[in-house]
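A short write-up of the structure that comes next.
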Amino acid sequence: MQRSRTGRILLEAGMIVLSLLFLYPLFLAINNSFKSFAEVMTDVIALPKQLSLDNYVYVWKFIDYPRLFLNNTIITVVGLAGIVLISSIAAYKLARTKSKWSSVIYMLCIMPMLIPFQSIMLTVLRLAKDLNLADSTWGLGLLYWGFGAPLAVFIYHGFVKGIPVEIDESAKIDGASGFRLFFSVIFPLLKSVTATIVIIDVMWIWNDFLLPLLMVNGSPSTKTLTLAAYTFVGQYTSDWQYAMTAMVMAVLPSIIVFIFLQKYIVKGVVAGAVKG
């Protein structure tokens, strides 16, 4: 009993230390967002001498925050809609089709998770330009369909395999089939796992830097919030206080979403992994 209690205390202490290590960069960003340039250069760890919102007011106007917020929203909504819709339908069909080819197609769908984006990014950029998807927020949202679908198919597939086939058969007897069966009967049962996929992809798409840098960095009207933060970092001089402020303003919406919906992440991932 004593050994078990000691182990639990050590585990909790280790988790606290890990949490502090992960929160430390966020603390530095928030802390330095209230400082002047001189204060940041003097000591990045010290607390600001006074709390002032001057940096936030300047960055809000300089980067045109409402317009960039709208860009992020369009990209995220378009990306999420495609990932959820396409992946859920594909996973359902693959899980319900019992054949050798179904297994092969499923493996082909999830294999791209093993391919590093850096190894294909130039090819993706060329393809996006050929299809007129570059320098467009809508086009960038469409590209996320391909990059987000493999993980979503994997999670959906495991969850659908745990749904009894008898539900499908009962719906068919009542006259439902095809898309009506899926959207009226099956998709509502995927609510928890869909919430998990939405949260994971919101955190990824909203805060992504590399793909927007390649696709929409050519025009100020199509930039994202993370790209706007990068504009304060130059080759010869950098306004670190503004860069930190812009980064805080960029990630804050996704952090708020995560805080309110984090309970669905573990619940949905475990359901999708165990039920299959």
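The values are calculated or read from the model by the stated rules, or taken from the named source; none is laboratory data. Worth saying up front: this structure is predicted, and the values here are computed from it rather than measured. Here the Cβ is made from the backbone with ideal geometry for all residues, glycine too, and neighbour counts use every protein chain on show. Note: areas computed on protein heavy atoms with side chains; ligands, DNA, RNA excluded. Shrake-Rupley method; radii C 1.70, N 1.55, O 1.52, S 1.80 Å.
On the given criteria, is residue 271 modelled with pLDDT of 85 or more and open to solvent by less than 30 Å² (accessible area, probe 1.4 Å)? So residue 271 does not fit the description; no.
For residues that are open to solvent by 10 Å² or more (accessible area, probe 1.4 Å) and small (Gly, Ala, Ser), scanning just the range 211-251, find the one that is nearest to residue 54 (Cα to Cα). My answer is 238. Consider the range 138-167 and keep the residues that are open to solvent by less than 20 Å² (accessible area, probe 1.4 Å) and of a type in the set (Phe, Trp, Tyr). The one that is nearest to residue 79 (Cα to Cα) is 144. Residue 124 satisfies every condition listed in (1) touching a helix residue (DSSP H, G or I) at 6+ places or on another chain (Cβ under 9 Å); (2) modelled with pLDDT under 90; (3) among the β-branched types (Val, Ile, Thr); (4) under 30 Å from residue 242 (Cα atoms) except (4).
Name, by its number, the condition in (1) free of Cβ contacts under 8 Å to residues at least 24 places away in the same chain; (2) under 30 Å from residue 178 (Cβ atoms) that does not hold for residue 83. The number of the failed condition is (1). Close Cβ contacts (under 8 Å, 6 or more residues apart or on different chains) running from residues in the range 52-75 that are over 26 Å from residue 39 (Cβ atoms) to residues that are of a type in the set (S, T, N, Q) and surrounded by 13 or more Cβ atoms within 10 Å (Cβ to Cβ) comprise 68/224; 71/137; 71/222; 71/224; 72/224; 74/137; 75/137; 75/224.
Residues that are among the β-branched types (Val, Ile, Thr) and surrounded by fewer than 16 Cβ atoms within 10 Å (Cβ to Cβ) within the range 168-208 comprise just one, 173. Of the residues making up the range 54-68, those that are open to solvent by 80 Å² or more (accessible area, probe 1.4 Å) and within 16 Å of residue 247 (Cβ to Cβ) number 3. You will find that of 83, 30, 75, 9, the residue that is of a type outside the set (Phe, Trp, Tyr), touching a helix residue (DSSP H, G or I) at 6+ places or on another chain (Cβ under 6 Å) and open to solvent by 50 Å² or more (accessible area, probe 1.4 Å) is 30 and no other.
To keep it simple, each residue is scored yes or no on (1) over 25 Å from residue 110 (Cα atoms); (2) basic (Lys, Arg).
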| position | (1), (2) |
| --- | --- |
| 129 | yes, yes |
| 133 | no, no |
| 136 | yes, no |
| 149 | no, no |
| 152 | no, no |
| 166 | yes, no |
| 175 | yes, no |
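Which condition number does residue 96 fail, the rest of (1) over 30 Å from residue 185 (Cα atoms); (2) open to solvent by less than 100 Å² (accessible area, probe 1.4 Å); (3) modelled with pLDDT under 90; (4) of a type in the set (D, E, K, R) being met? Of the numbered conditions (1) over 30 Å from residue 185 (Cα atoms); (2) open to solvent by less than 100 Å² (accessible area, probe 1.4 Å); (3) modelled with pLDDT under 90; (4) of a type in the set (D, E, K, R), the odd one out for residue 96 is (1).
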